[in-house]
Amino acid sequence: MNSPRFAPAGLLVERDRARIMLDGGPGSAPDGPLQAWLVTDDRAELIREIRALAAERGVEPGVGAGNAAGLRIRPRKVVHTSHDTYGYLVEAEGRRIAWAPEFWRFPSWAAGVDLLFADGAGWDRPIRFAGGVGGHACVEDVARRAGERGVRRLVFAHIGRPTIRAADAGLRPPFGVLGRDGQFVHPRRWR
């Protein structure tokens with residue numbers, strides 16, 4: 001969310017004229033109209049900024065479901081912090097995408113997805129929150145678990161300082177890639 005190098009992790013899902021934003025914030029807000037702006041954590045550190053950006057587009061951000069133009073988007077719980085937080089399962093054209101940019105434990109509902117956007121805050125060890133109320137998984141563990149659970153393609157989002165340092169040192173995830181600001185993923189190019 002508050003990376004020294006990257007815009008806040010966000011995903012704009014588009015199909016035909018349907019446009020639904022997932023998370024994001026300043027520097028990663030989409031232009032144009034939206035049908036919905038869904039968030040993984042309605043207490044996130046950037047929720048005030050997301051509310052302002054969403055209001056400019058005529059929508060209210062929140063945890064919820066979205067259906068439009070053959071897209072089906074459903075919230076799924078993740079273990080992340082002391083209050084309820086979510087990821088999203090996106091289904092369209094027989095494909096399944098998981099948006100889970102923040103979690104402490106790998107979400108079981110993401111097993112076997114075609115594409116997983118996952119927590120990339122820590123590199124080689126998880127980041128534990130004070131008081132033991134959750135935290136962030138690490139890239140090395142997520143890559144291993146995603147491979148074991150049949151994830152076809154893995155993109156790390158919410159890239160934290162430990163992962164930035166590892167990438168700057170030339171390290172690469174054992175499975176998956178680090179997301180890039182403005183990256184476009186078309187489902188027909190997943191093969």
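Going by the conditions given, is ALA118 in contact with a Leu (Cβ under 7 Å, 6 or more places away or on another chain) and modelled with pLDDT of 95 or more? Here the answer is yes, as ALA118 does meet what is asked.
Only a single item in (1) without any contact (Cβ under 8 Å) to a residue 12 or more places away in the chain; (2) charged (D, E, K, R); (3) crowded, with 16+ Cβ neighbours inside 10 Å is not met by ASP119, and it is number (1). For the condition in a loop (DSSP other than H, G, I, E, B), among the basic types (Lys, Arg) and without any contact (Cβ under 8 Å) to a residue 40 or more places away in the chain, ARG105 qualifies. Selection within segment 23-36: residues that are in contact with a helix residue (DSSP H, G or I) (Cβ under 8 Å, 6 or more places away or on another chain) and crowded, with 18+ Cβ neighbours inside 10 Å. The member of this set that is nearest to ARG74 (Cα to Cα) is ASP23. Selection of segment 1-49 for residues being in contact with a strand residue (DSSP E or B) (Cβ under 9 Å, 6 or more places away or on another chain), outside any strand (DSSP E or B), hydrophobic (A, V, I, L, M, F, W, C) and within 18 Å of GLY182 (Cα to Cα) yields MET1, PHE6, ALA9, ALA29, LEU34. Of the residues making up segment 132-161, those that are at pLDDT 95 or above, part of a helix (DSSP H, G or I) and surrounded by fewer than 18 Cβ atoms within 10 Å (Cβ to Cβ) number 4. Residues in segment 37-58 that are surrounded by fewer than 22 Cβ atoms within 10 Å (Cβ to Cβ) and closer than 21 Å to ILE97 by Cβ: ASP41, ALA44.
The values are calculated or read from the model by the stated rules, or taken from the named source; none is laboratory data. Here the structure is a predicted model, which is why all the values come from computation and not from measurement. All Cβ positions, even for glycine, are placed from backbone atoms using ideal geometry, and neighbour counts span all protein chains on display.
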